Amino acid sequence: MPITKILRPLLRPFLVLVASAPIVILLLSIQTSADVSSADSLSAEEMARIEQLLIESAPSSPGTPGSQSMNLNVDELNLLLGYGLNLLELSPGWAAQLSIEDESLYSEMSVEILSGWVPLYLNITGEFVEEDSQLRLDKVTVGELQIPDRLVELGLNQISSNLTQSTPVFEDVNTLIENVEAVEISGSQMQVQLHWDPVLIGRISDEAQQLFITDEDRTRIIAYYESINEIATTIPTDIRAISLNSLLVPLFTEARNKSTSGSDPIAESRTLLQALAIYVNDEDLSQLVGPEMAAEVPPAKFIEVRLQRRQDLAQHVVSIAAISASAGAEFAELLSTTKEAYDARYRSGFSFSDLTANTVGVTLANYLTANPDTALEMQRRLANLQTESDYMPEVGNNRDGISESDFNAIYNDRNSAEYRQRLEEIQGIIDSRPLFQGLQ
């Protein structure tokens, strides 16, 4: 009997098995329910805890290289993870949680890939083990399918290679990971010891900003930066400083003209604030547009910009407004209060003047990015500013330089009713400024 006749009965089921293998893998990988539920919005108490974690994890001298230790429990790790997903606007489509068992770190993630009457999810579980004082990914499971170790290794190497080649920030992130000196898991705690490199941290921050800036936005930023330079060159050389209004009025006049001619008013406002923040803080334009595009733009003539005769207030308003317009008000507010709490512990003390200026910046950005109609109206109002008091309350009577111990004696902590009332009072005073009245 020919061998083909012997094999023919076996060949058909084999071919069916091969053809159906991708379907079987797909069915094992995709599930109709999420293993991890999306977290609720963070409460005021949770935001205060994140703020405290950031302060406790930051070095007392951020500009000085050295060894830095961070000790986080599972609840704190999950709090930071949830905040990160919200910040990147991945929630509720993505949900994740971490757990520690038997000195191993487990990560669970659920990704919604199809909503509707039959929702579909990718449920991914990873196990990290401690090895030579480092964490190593030991096992990955997608749905009911455990991914072979060799395939995981190849996949991670390929992803890392592609990201490093396409986006410079990931090369520096890899360097940051290499700076981790030791990781220790004990009980429900994870301790990380790393070498703090301020130059590397600064470079990652700059590169991360550029990830969210489109080529069209880079062009807008450069245009506003050049407009700022044109304004600065008209100022007599014997004038040492100018009011922030001297820049806001002509820049927002330009923004409104572009917006009424068909440009996106929100994009115009956002990029104007970004360019203005670079100038007011006397920073390098390459932070936003990259070194290649920045090299083609002559540095703007710098002149100190003030608000209520203080340079720091102008810097606070513009910087936080730019951050809020770019990354959202929640992140800007967290950054604002964390910075003041950090100052209370390590530097000049907690400043309600600075916090008021930060709140003005957040409020300004909220209206400039709320919707096209409100953005247009805000551009019109900013183009017709009369005085700084149109938007900035007088802060000369605010008590500043409060130490952490004095702050706690007065307000208990930043989650107390007394402190919350103080913040509400500041916001109420800002909302009563002419620039912000009648807007929704």
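Please treat every number below as a calculation from the coordinates, not as lab data. None of the values given here were measured: they were computed from a predicted structure. Ideal geometry is used to build each Cβ from the backbone, glycine not excepted, and the neighbour counts take in all protein chains shown.
Counted by neighbouring Cβ atoms within 10 Å, the residues PHE302, PHE352, PHE252 run from fewest to most as PHE302, PHE352, PHE252. Neighbour counts of C-beta atoms inside 10 Å place SER353, SER37 in the sequence SER37, SER353, starting with the fewest. Remark: region 44-202 is approximated by an ellipsoid whose semi-axes, taken from the C-alpha gyration tensor as √(5λ), come to 27, 21, 18 Å, largest first. Taking a point 7 Å out from the Cα of ASN229 in the direction of its Cβ, the residues of region 265-291 whose backbone N falls within less than 16 Å of it are 275-280, 282-291. Site pair VAL180 and ASN157 shows an inter-label distance of 2.0 nm when each label is modelled 7 Å from Cα along Cα→Cβ. Cβ crowding within 10 Å, taken as a proxy for footprinting-reagent exposure, orders ASP75, ASP354, ASP197 from fewest neighbours to most as ASP75, ASP197, ASP354. Could you tell me what % of all Cα pairs in region 229-332 have separations over 20 Å? Percentage above 20 Å: 44.
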